[in-house]
Amino acid sequence: MKKSISDKNKHLGEILRGMDRIIVAFSGGVDSTLVVKRAQQELGSSNVLAVVVASELFREEEFDGAVKLAEMIGVNVHKAEIKELEDENIVRNTPDSWYYSKKLLYTHLNHLAEELGYNYVLDGMIMDDLEDFRPGLQARTEAGVRSVLQEAKLYKKEVRELSKELNLPVWNKPASCSLASRIPYGTKLNRRKIQQVNEAEKFIMKLGFDRVRIRHHGSVARIEVDQKEISELLDHSDNIHAYLTSLGFHYVSVDLLGYRTGSMNESLETELEKEEIS
């Protein structure tokens, strides 16, 4: 029989109560925020440590926002940093790079848990993550990190609903991801490309577009916003073109399919289809 959201939330509580003291990889997104809040409810604030990790591949604003949110919730916060662009396995930007990126993160968190005396490291992976290309799942499993929302069989829609019931301010926050996800596989990562993507997306968001992706194709910037907002985006075409070319892009295009997560993985699916045909 299909479980209700209430039953899944109850199961989540049972899972958490068996953990004693836990560390949560805290990004400030809706998934990890629900994990922190429910852990706080079940284990008490003193037994929950939200670890916010600064990375060259994520916005500084995301780091600052996550710290403030954890402090608002009332759990202990630990600030950490990882240097992903110092790892050649990540810089090569292959599909396996996601594995090495997560491995770097989980290794750091496991060392921290051992040093500080915490029993488990938790992340915010949900059931939806099983439906996309997620090499990080292997790194998670190898590291022994627990994805309690997956264990409770919770999907994004349910996570948002529970978060809204708990009055968490990020219940409807758009998903964020590593800025490396904007750069095609096989194109090496560097700080300049990451900065171009970051500054371009922030510029367009300031124009009033909440969900934006800038896909970096060398001299071409491919913009993704919600399909229904494309005509509005074009109203700003002159300003957008001027700013993005000032960042170093030669051409600026708009993706007619609109915003969608994981669009860079579509090329992987095409390659797999070719292999099956051949």
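No lab work stands behind these numbers, since they all come straight from the coordinates. This one's a predicted model, so the numbers in the text were calculated from it and none came from an experiment. Here Cβ is always computed from backbone atoms with ideal geometry, including for glycine, and neighbour counts include all displayed protein chains.
General observations
- Per-selection Rg to Rh, the range 4-80 - Cα, Kirkwood hydrodynamic radius: 1.01
- Ordering of 117-130, 84-97 by burial proxy (mean other Cβ atoms within 10 Å per residue, highest first): 117-130, 84-97
- By the equivalent-ellipsoid construction on the alpha carbon gyration tensor, the range 80-184 comes out with semi-axes of 24, 19, 13 Å, ordered largest to smallest.
- When DSSP beta bridges are restricted to pairs lying wholly in the chain, around 20% turn out antiparallel.
- Principal axes of the range 5-165: Cα extent on each, largest first, Å: 43, 32, 28
- Distance from the Cα centroid of the range 226-242 to that of the range 37-53 is 41 Å (rounded to whole angstrom).
- Among LYS153, LYS188, LYS228, residue whose mean-square fluctuation peaks in a GNM of the chain (springs only between Cα atoms under 10 Å): LYS228
- Considering only alpha-carbon pairs that sit under 8 angstrom and 6 or more positions apart, the relative contact order computed for the range 179-266 is 31 percent.
- Of the DSSP H helices in the chain, those that are both long (alpha-carbon extent of 15 Å or more along the helix axis) and hydrophobic (Kyte-Doolittle mean at least -1.0) are 5-17, 30-43, 60-73, 97-116.
- Multiplying each eigenvalue of the alpha-carbon gyration tensor of the chain by 5 and taking the square root yields semi-axes of 33, 21, 20 Å, largest first, rounded to whole angstroms.
- Intensity falloff of the range 179-266 expressed as log10 I(q)/I(0), Debye formula with alpha-carbon point scatterers, at q = 0.10, 0.15, 0.19 Å⁻¹: -0.21, -0.48, -0.79
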